[in-house]
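Working notes for the structure below.
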Amino acid sequence: MACPWRWRSTGMRRSGFELRMCKLGCVKCSVDACDKAVVARGWCRTHYMRWKRHGDVNTVKRQSGRVCSIEGCGKPHQSRGWCWTHYERWRTHGDPLFEAEHSQWLGDAVGYAGAHERLRREQGPASSRDCVDCGAPAEHWSLKRDYRGDLKKNDQDQIWTLDWDDYEPRCVPCHREYDKTWGGRKGRPPVSLST
């Protein structure tokens, strides 16, 4: 099928233009139920690459069903019996189980935002739970009054601990009321804190 108006501007005969790709995508792939523009041999890019790789336009990449041989991984197999992650670790470090400590890992010296990000990763978002006070959907993690971990404080009077059991999910109104009962500036606990 040729583009009804573009062939005239090329100076080619209509039959010659039909064999060439129309840059506007007017010529469609010859494979049934495919409406993509022709790239080569009368096929779209998808079907042309299938033919080039497998010799047939209808062959889809075969999934082997194999998984990484590292215990507990479960990712799809890529090479040498490993997933891409473990293969790259082996190629780079000589050991598929190699795990370097992240260069920016702060350990216990993490700040307020980092501690709350760890809390969300470990316990999940507070929004996936109900408020411990009223039962409404929670939106925040709040620090318990009977905390067990060492409290830390920054210059903005934000406090936190790295013991995830010291946090409870609360809705915004309950969180505000709960913090007011602590007393002190901005509802912060009137205790001596480590910095």
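The values are calculated or read from the model by the stated rules, or taken from the named source; none is laboratory data. Treat the numbers as computed from the prediction; the structure is a model and nothing was measured. Note that each Cβ is placed from the backbone with ideal geometry, even for glycine, and that neighbours are counted across all protein chains shown.
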Practice task
Scan the range 79-115 for residues that are closer than 30 Å to residue 154 by Cα and either in contact with a Phe, Trp or Tyr (Cβ under 9 Å, 6 or more places away or on another chain) or part of a helix (DSSP H, G or I) (or both) and report the count.
Solution key: 9
Practice task
Could you please let me know if residue 130 is modelled with pLDDT of 90 or more and in the same structural domain as residue 168 (by TED's automatic domain parsing)?
Solution key: yes
Fill in the blank from the handout: Going through the range 62-97 in order, the residues found to be loosely packed, with under 12 Cβ neighbours inside 10 Å and either of a type outside the set (Lys, Arg) or more than 30 Å from residue 50 (Cβ to Cβ) (or both) are 63, 64, 65, 71, 72, 74, 92, 94, 95, 97
Exercise for the section: Among the residues of the range 133-155, count how many are in a loop (DSSP other than H, G, I, E, B), in contact (Cβ under 8 Å) with a residue 40 or more places away in the chain and closer than 21 Å to residue 176 by Cα. Expected result: 5
